[in-house]
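Peer 1: Provided herewith is a single structure, encoded as structure tokens, for subsequent inquiry.
The values are calculated or read from the model by the stated rules, or taken from the named source; none is laboratory data. It should be emphasised that the depicted structure is a prediction, and the values quoted were computed from it without experimental measurement. Cβ placement follows ideal geometry from the backbone for every residue including glycine, while neighbour counts extend to all protein chains displayed. Surface accessibility is based on the protein's heavy atoms, side chains included, excluding ligands, DNA and RNA. Shrake-Rupley method; radii C 1.70, N 1.55, O 1.52, S 1.80 Å.
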Amino acid sequence: MEIQSYLDTHRERFLEELFDLLRIPSISADSRFAGDVRRAAEFVREKLIEAGCDTAQIEETSGHPIVYGEKIVDPNLPTVLVYGHYDVQPSVPDDLWTTPPFEPQVRDGKIYARGACDDKGQMYMHVKAFEVMAATGNLHCNVKFMIEGEEEVGSNNLGDFCRNNRERLAADVILISDTSMIANDIPSIDVGLRGLSYVEVEVTGPNRDLHSGVYGGAVANPINVLCSMIAGMHDENRHITIPGFYDDVNELSADERAELNKAPFDLEAYKQDLDISDVMGEKGFTTLERTGIRPTLDVNGIWGGYIGEGAKTVLPSKAYAKISMRLVPNQNSDKVTELFADYFRKAAPAGVKVEVRPHHGGEPVVTPTDSVPYRAAARAMEKTFGKVPIPTRGGGSIPIVALFEKELGIKTVLMGFGLDSDAIHSPNEHYGLFNFYKGIETIPWFHYYFAEMNG
Ligand code: BES
Ligand code: MN
Ligand code: MN
């Protein structure tokens, strides 16, 4: 392979191109940025063509577009379908960023920008790895790219796109870099993702905001009520109290748990990184278990009443919260959403009205470690890191992975190169230059081994 010398020659340009992509504020959640989301799609399309795709198109959806491109080398070769997303989370609060979120900058060997890791940086590694393979005559597999613009808002249109394009998307494996590994010197591969049930709740008390002295103490305060309802959803062991919540949870055997806990994990470093004096979670489980194999319920945002400068003595009419529940194998997001809604309606005291509005959901997945795709990814990482990667369970969600299996019957391998400490979804999101280039170096080996194992 003369791959390495090609990479060495073009590494500066690869980074500059990523910077151009990072400068586009493709925030899918905020309609004011719809034009930028489209610009990012167009950018990816152009780069796929430049990198060597036979075709690359913008596929319209009722939301943000999907970019689809492909290079069919030989129909007899195995096909790798690369999935990634070019949309990003909102950057707010912008004032907490050391440098502006859409003005990428390298500091201490890390690229700082919204999307640097999640997922522009990781997705773009595949575009550049493909360029490297195409330019050096090292395409051992056919390659298809499906890069979407709605991952961060629930991938609502991707299921339809898959159903309507089954033949075009036919592939032997789906390869995704949108997860993290343990550390730069401890490569790992996620073999599980949690599902998600996301709801917004509204609690209404009196028909208008009231003077908190004139009425306070005599009328239900929706914020007080919401807080106690939320507090009541965990017991003293931090188990979730919603009846039936754990019914379908796949409990791991003692052996499986022991295996999972063998993964290197430094609790002190973890606490230090987050500047917390202790961790907190479900009793009877380790931190790795709490994020990997246990379901959760967390408030993501809560608001109501007066939050402006100074004090305003007001008893608010309404209170709101956004709540996410992370799900594990065998739970079902629709079922959990319903259990939540039932519980929440019943738990409401007289004097308030409550409304539960479900958002997007997604199903959990686990993938095998004895499959060809997993083994190809493990060999590729072993080749470039010099260490066999450790299988881990990721705590985040990529709902489309379960859908790919259902709609296309194709298994996914999650070869992520980020780190949990990359601050994805947070201010000062970053991605190591090491990780970006290591990804570009590793991906061609995946294609190589995958073809070899299929041959
Ligand atoms: N790339 C993340 C998911 C992720 C991150 C998985 C790190 C494992 C490790 C993805 O972009 C994401 O943020 N997904 C959302 C779900 C979506 C429906 C909004 C999430 O997990 O909150
Ligand atoms: Mn992502
Ligand atoms: Mn994300």
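Peer 1: Quick one: Debye curve from the C-alpha atoms of region 1-156, no solvent, what's log10 I(q)/I(0) at q = 0.15, 0.20 Å⁻¹?
Peer 2: -0.79, -1.25
Peer 1: On to the next question. Which cross-chain or sequence-distant (5 or more) residues have an amide H under 5 Å from the amide H of residue 192, H modelled 1.01 Å from N in plane?
Peer 2: So residue 192 has HN proximity to 367, 394.
Peer 1: For the chain, what is the accessible area per residue in Å² when the probe is 1.4 Å?
Peer 2: Numbers: 19890 Å² over 455 residues.
Counting only protein heavy atoms, the per-residue value for the chain is 44 Å².
Peer 1: Find which of 18, 308, 139 sits farthest along the positive direction of the dipole of the chain, computed with +1 on the beta-carbon of Lys and Arg, -1 on that of Asp and Glu, about the Cα centre.
Peer 2: 308
Peer 1: Ok, one more. Once ligands and nucleic acids are excluded and a 1.4 Å probe is used, how much of residue 453 is accessible, expressed in Å² to the nearest 10?
Peer 2: Here the residue's solvent-accessible area equals roughly 50 Å².
Peer 1: Using the Kirkwood formula on the Cα atoms of the chain, what hydrodynamic radius do you get, in angstrom to one decimal?
Peer 2: When all Cα pairs of the chain are included, the Kirkwood radius is 23.4 Å.
Peer 1: Taking the Cβ of residue 43 as the center, what net charge do the other residues with Cβ under 11 Å away carry, scoring Lys and Arg +1 and Asp and Glu -1?
Peer 2: Numbers: positive: 23, 38, 39, 45, 47, 120; negative: 17, 20, 36, 42, 46, 50.
Around residue 43, the surrounding residues sum to 0.
Peer 1: How many angstrom lie between the C-alpha centres of region 295-336 and region 143-193?
Peer 2: Cα centroid of region 295-336 versus Cα centroid of region 143-193: 29 Å apart.
Peer 1: Something else: Got a sec to turn the phi values of region 231-248 into Karplus ³J(HN,Hα) couplings, 6.51 cos²θ - 1.76 cosθ + 1.60 with θ = phi - 60°, whole Hz, x for Gly and Pro?
Peer 2: 4, x, 7, 10, 8, 5, 9, 6, 7, 7, 8, 4, x, x, 4, 9, 3, 9
Peer 1: So what is the orientation-averaged projected area of region 156-312, using the convex hull of its C-alpha atoms, in nm²? Don't skip to the answer; put the middle values down first.
Peer 2: On the way: hull surface 66.1 nm².
Spelled out: convex hull of the Cα atoms, projected over all directions, averaged, 16.5 nm².
Peer 1: Moving to a separate point now. What whole number of Å gives the distance from the Cα centroid of region 376-455 to the Cα centroid of region 29-71?
Peer 2: Here the two parts' Cα centres lie 22 Å apart.
Peer 1: Pop a pseudo-label 7 angstrom from the Cα along the beta-carbon direction at both residue 282 and residue 253 and give the gap in nm to one decimal.
Peer 2: Once both label points are built, they end up 2.0 nm from each other.
Peer 1: Find which of 418, 63, 347 sits farthest along the positive direction of the dipole of the chain, computed with +1 on the beta-carbon of Lys and Arg, -1 on that of Asp and Glu, about the Cα centre.
Peer 2: Farthest along the dipole direction, towards plus: 347.
Peer 1: Pairs of Cα atoms under 8 Å, at least six residues apart: use those to get the relative contact order of the chain, whole percent. Mind showing how you got there, number by number?
Peer 2: On the way: 934 pairs, mean separation 114.1, N = 455.
About 25 percent, as a whole number.
Peer 1: Compare the peptides 181-194, 284-297, 116-129 by average per-residue count of other Cβ atoms within 10 angstrom and give them in order, highest first. Could you put the intermediate results ahead of the total?
Peer 2: On the way: 181-194: 20.7, 284-297: 19.0, 116-129: 27.4.
For the peptides 181-194, 284-297, 116-129, the packing ranking is 116-129, 181-194, 284-297.
Peer 1: Here's another thing I want to ask about it. With a cut-off of 8 Å between alpha carbons and a minimum separation of six or more residues, what is the relative contact order of region 358-411 in percent? Intermediate values should be presented prior to the final figure.
Peer 2: Working: 28 pairs, mean separation 22.8, N = 54.
Relative contact order, region 358-411: 42 percent.
Peer 1: Restricting to DSSP H runs of at least four residues, report the calculated mean residue ellipticity at 222 nm for the chain, -39500 (n - 2.57) per run over all residues, nearest 500 deg cm²/dmol.
Peer 2: On the way: 12 runs with 147 residues, N = 455.
Mean residue ellipticity, 222 nm, calculated: -10000 deg cm²/dmol.
Peer 1: Spelling out what I want: for every residue of region 315-328, take phi, set θ = phi - 60°, compute 6.51 cos²θ - 1.76 cosθ + 1.60 (Karplus), and round to whole Hz; glycine and proline get x.
Peer 2: 9, x, 7, 9, 9, 9, 8, 10, 10, 10, 10, 8, 10, 10
Peer 1: Does anyone have the angle between helix 433-454 and the longest principal axis of the chain? Alpha-carbon axes, 0 to 90°, nearest 10?
Peer 2: 60 degrees
Peer 1: If you place +1 on the Cβ of every Lys and Arg and -1 on the Cβ of every Asp and Glu, how big does the dipole about the Cα centre of the chain come out, in debye to the nearest 20? Write down the numbers at each step before the final one.
Peer 2: On the way: 44 positive and 68 negative charges, 136 e Å.
Roughly 660 debye, rounded to the nearest 20.
Peer 1: To the nearest 10 degrees, how steeply does helix 372-385 sit against the main Cα axis of the chain, on a 0 to 90 scale?
Peer 2: For 372-385 against the chain, the angle is about 80 degrees.
Peer 1: Per-residue counts of other Cβ atoms within 10 Å, averaged by peptide: what ranking do you get for 209-217, 323-331, highest first? Write out the running numbers ahead of the final one.
Peer 2: Details: 209-217: 13.4, 323-331: 21.6.
My ranking of the peptides, most packed first, is 323-331, 209-217.
Peer 1: Another one. Net charge near residue 334: determine it from the other residues with C-beta under 13 Å of the C-beta of residue 334, scoring Lys and Arg +1 and Asp and Glu -1. Walk me through the numbers on the way to the answer.
Peer 2: Numbers: positive: 335; negative: 248, 338, 342, 363.
Taking every Cβ under 13 Å from that of residue 334, the sum is -3.
Peer 1: Moving on to the next point. What is the antiparallel percent of DSSP beta bridges lying wholly in the chain, to the nearest 5?
Peer 2: Numbers: 49 of 70 bridges.
Percentage antiparallel, nearest 5: 70.
Peer 1: Place a +1 charge on the Cβ of each Lys and Arg in region 143-239 and a -1 charge on the Cβ of each Asp and Glu, then give the dipole magnitude about the Cα centre in debye, rounded to the nearest 20. Show your work: numbers first, answer last.
Peer 2: On the way: 7 positive and 15 negative charges, 47 e Å.
Once rounded to the nearest 20, the dipole reads 220 debye.
Peer 1: When the C-alpha atoms of region 202-294 are aligned to their principal axes, what extent does each axis show, in angstrom, from largest down?
Peer 2: Between the extreme Cα coordinates on each principal axis of region 202-294 lie 59, 35, 20 Å.
Peer 1: Follow-up. Which value, in debye to the nearest 20, gives the size of the charge dipole of region 270-393 about its Cα centre, when Lys and Arg are +1 and Asp and Glu are -1 at the Cβ? All intermediate terms of the calculation are to be shown ahead of the outcome.
Peer 2: On the way: 18 positive and 14 negative charges, 23 e Å.
So the magnitude is around 120 debye.
Peer 1: Measure nothing fancy, just the Cα-based angle from helix 34-51's long axis to the longest principal axis of the chain, in degrees from 0 to 90, nearest 10.
Peer 2: 20 degrees
Peer 1: Now for a different question. Quick one: net charge of residue 252's neighbours, Cβ under 11 Å, K/R +1, D/E -1?
Peer 2: Working: positive: 257, 294, 393; negative: 251, 255, 256, 259, 289.
Residues close to residue 252 contribute a combined charge of -2.
Peer 1: Would you please classify the overall shape of region 363-452 from the alpha carbon gyration tensor, given that a ≥ b ≥ c denote the square roots of the eigenvalues, rounded means a/c under 1.5, and beyond that prolate means a/b larger than b/c while oblate covers the rest?
Peer 2: Details: a/c = 1.95, a/b = 1.07, b/c = 1.83.
Note, shape of region 363-452 comes out oblate.
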